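Taking it in order: structure first as structure tokens, then the write-up.
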Amino acid sequence: MSIKNQAANAVKATLKATIAALLPRDCLLCGAASDNAVLCPSCNDHLPRLTTQRCPQCALPTPNAEPCGACLKQAPYFDATTAIWQYDFPLDRMIQSLKYSRRLASADFFGAELAMLPGTPPDFILPVPLSAQRLAQRGFNQSIEVARPLARQLSVPLELKHIHRHRDTTPQATLPWKERAKNIRHAFECRLDLTGKTVLVVDDVMTTGATLNELARTLKAHGAVRVENRVLARALKHG
């Protein structure tokens with residue numbers, strides 16, 4: 001990192017600390033005083049963290065962290081998935097408030113948590129793109145907001161220009177699990193030569209993995225040698 005960037009980051013950190021001191025925030029979940037933290041220590045401790053014993057490719061819990069049966073039967077296009085929490089109460093409320101109510105204060109918290117996960121140093125970070133129609137409806141992409149602080153902490157560039165979701169699809173959450181892979185097929189477009197590149201894909205929730213798998217398929221088709229997912233939460237319940 002250059003001296004200029006270091007100085008700029010120092011100024012930002014000082015400004016952030018000053019604002020926090022003047023405007024202390026309350027816990028996003030319980031409303032208790034939490035100083036400069038999004039969550040108070042008690043709520044943070046009660047978030048539903050995933051077991052460390054999970055499939056290295058899709059992050060579903062498995063004995064001894066072995067690959068799960070589904071990944072052994074049909075390996076996904078992505079090479080690894082790391083996740084922090086189960087998609088369950090109260091973490092689901094936090095993600096929904098970010099996604100649908102624009103509670104952007106949690107994005108820095110989420111990005112910092114993702115930065116602590118292990119993984120191969122990537123060439124760039126790719127937030128899962130939204131279609132133009134969905135972006136216009138929502139007004140922002142929650143994966144980008146989470147990826148920004150992650151990229152800053154890892155000193156890795158964000159890719160926001162050359163990989164798109166060029167086809168609007170039915171929201172995955174409204175479909176039965178078996179229909180999601182078909183729904184998302186050919187939804188992404190890449191305009192980069194990714195030969196030899198390692199890509200770190202960021203998303204909020206991994207459910208069936210269909211969206212992440214289709215995005216990884218597109219990236220691999222353009223030369224990516226490794227695609228890793230880093231997600232906030234893994235859904236464990238089938239629906």
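Annotations
- Criterion violated by residue 35 - all others in (1) in contact with a Leu (Cβ under 8 Å, 6 or more places away or on another chain); (2) open to solvent by 80 Å² or more (accessible area, probe 1.4 Å) satisfied: (1)
- Scanning region 60-99 for residues that are over 23 Å from residue 215 (Cα atoms), of a type outside the set (A, V, I, L, M, F, W, C) and in a helix (DSSP H, G or I) returns 63, 64, 92, 93, 97.
- Residues located in region 220-237, provided they are assigned to a strand (DSSP E or B) and either within 23 Å of residue 94 (Cβ to Cβ) or modelled with pLDDT under 95 (or both): 229, 230, 231, 232, 233, 234
- Matching residues in region 63-80 - criterion: being open to solvent by 30 Å² or more (accessible area, probe 1.4 Å) and hydrophobic (A, V, I, L, M, F, W, C): 65, 70, 72, 75
- Odd one out for residue 100 among (1) modelled with pLDDT under 90; (2) more than 30 Å from residue 218 (Cβ to Cβ); (3) among the aromatic types (Phe, Trp, Tyr): (2)
- Of the residues screened, residue 88 is not one that is open to solvent by less than 40 Å² (accessible area, probe 1.4 Å), of a type in the set (D, E, K, R) and under 17 Å from residue 44 (Cα atoms).
- All positions within region 133-160 that are farther than 22 Å from residue 213 by Cβ, aliphatic (A, V, I, L, M) and either open to solvent by less than 70 Å² (accessible area, probe 1.4 Å) or touching a Phe, Trp or Tyr at 6+ places or on another chain (Cβ under 9 Å) (or both): 151, 154, 156
- Failed condition for residue 112, given (1) touching a helix residue (DSSP H, G or I) at 6+ places or on another chain (Cβ under 8 Å); (2) outside any loop (DSSP other than H, G, I, E, B); (3) closer than 30 Å to residue 167 by Cβ: (3)
- Extreme residue, most open to solvent (accessible area, probe 1.4 Å), among residues of region 102-120 that are under 12 Å from residue 153 (Cβ atoms) and out of contact with any Leu (no Cβ under 9 Å at 6 or more places or on another chain): 116
The values are calculated or read from the model by the stated rules, or taken from the named source; none is laboratory data. All of these numbers come straight from a predicted model, not from anything done at the bench. So basically every Cβ, Gly included, is an ideal-geometry build from the backbone, and we count neighbours across all protein chains shown. These accessible areas exclude ligands, DNA and RNA; they are computed on the full protein's heavy atoms, side chains included. Shrake-Rupley method; radii C 1.70, N 1.55, O 1.52, S 1.80 Å.
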